[in-house]
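Below: the structure, in structure tokens.
The values are calculated or read from the model by the stated rules, or taken from the named source; none is laboratory data. A quick note: this is a predicted structure, and the numbers were derived from the prediction, not measured. With ideal geometry, Cβ positions are generated from the backbone for all residues, glycine too; neighbour counts draw on all protein chains shown. Side chains are part of the model used for accessible areas, which takes the heavy atoms of the whole protein and leaves out ligands, DNA and RNA. Shrake-Rupley method; radii C 1.70, N 1.55, O 1.52, S 1.80 Å.
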Amino acid sequence: MTPKDYLIVKIEGEYAYLREIGTTDPEKDVYIALALLPAGVDVGDKLHYEMFTYTVIE
């Protein structure tokens, strides 16, 4: 899979909605279980996705 950078735009219950950085279309948001993300993430955090792993970036 291609590495991508995401912004957490919304958290609802146990899921986070991620928007690829550089995209403004909310229809393309991806939702993923918080259990698969680094502990302590919050709305506004940026994530890097590569090889099935998410890491927080600055």
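For TYR15, the residues 5 or more places off, or on other chains, whose built amide H falls under 5 Å of its own are LEU34. Couplings 3J(HN,Hα) for segment 42-54, derived from phi with the Karplus relation 6.51 cos²θ - 1.76 cosθ + 1.60 (θ = phi - 60°), are 8, 4, x, 6, 9, 10, 10, 10, 7, 6, 6, 10, 9 Hz, where x marks Gly and Pro. What do you get for Rg/Rh over the chain if you use C-alpha atoms and the Kirkwood form of Rh? My calculation of the ratio gives 0.91. Ligands, DNA and RNA left out, the 1.4 Å accessible surface of the chain is 53% carbon and sulfur atoms. Shown in residue order for segment 10-20 are the 3J(HN,Hα) couplings computed by the Karplus curve 6.51 cos²θ - 1.76 cosθ + 1.60 at θ = phi - 60°: 6, 10, 10, x, 9, 10, 10, 9, 10, 10, 4 Hz (x for Gly and Pro).
Charge tally around ASP5: other residues with Cβ under 13 Å, Lys/Arg +1 each, Asp/Glu -1 each, net -1. In the context of the full set of protein chains, residues of the chain present 72 Å² of accessible surface per residue (probe radius 1.4 Å, heavy atoms only).
Amide H contacts under 5 Å for ASP45: ILE8, restricted to partners 5 or more places along the chain or on a different chain, H placed in the peptide plane at 1.01 Å from N.
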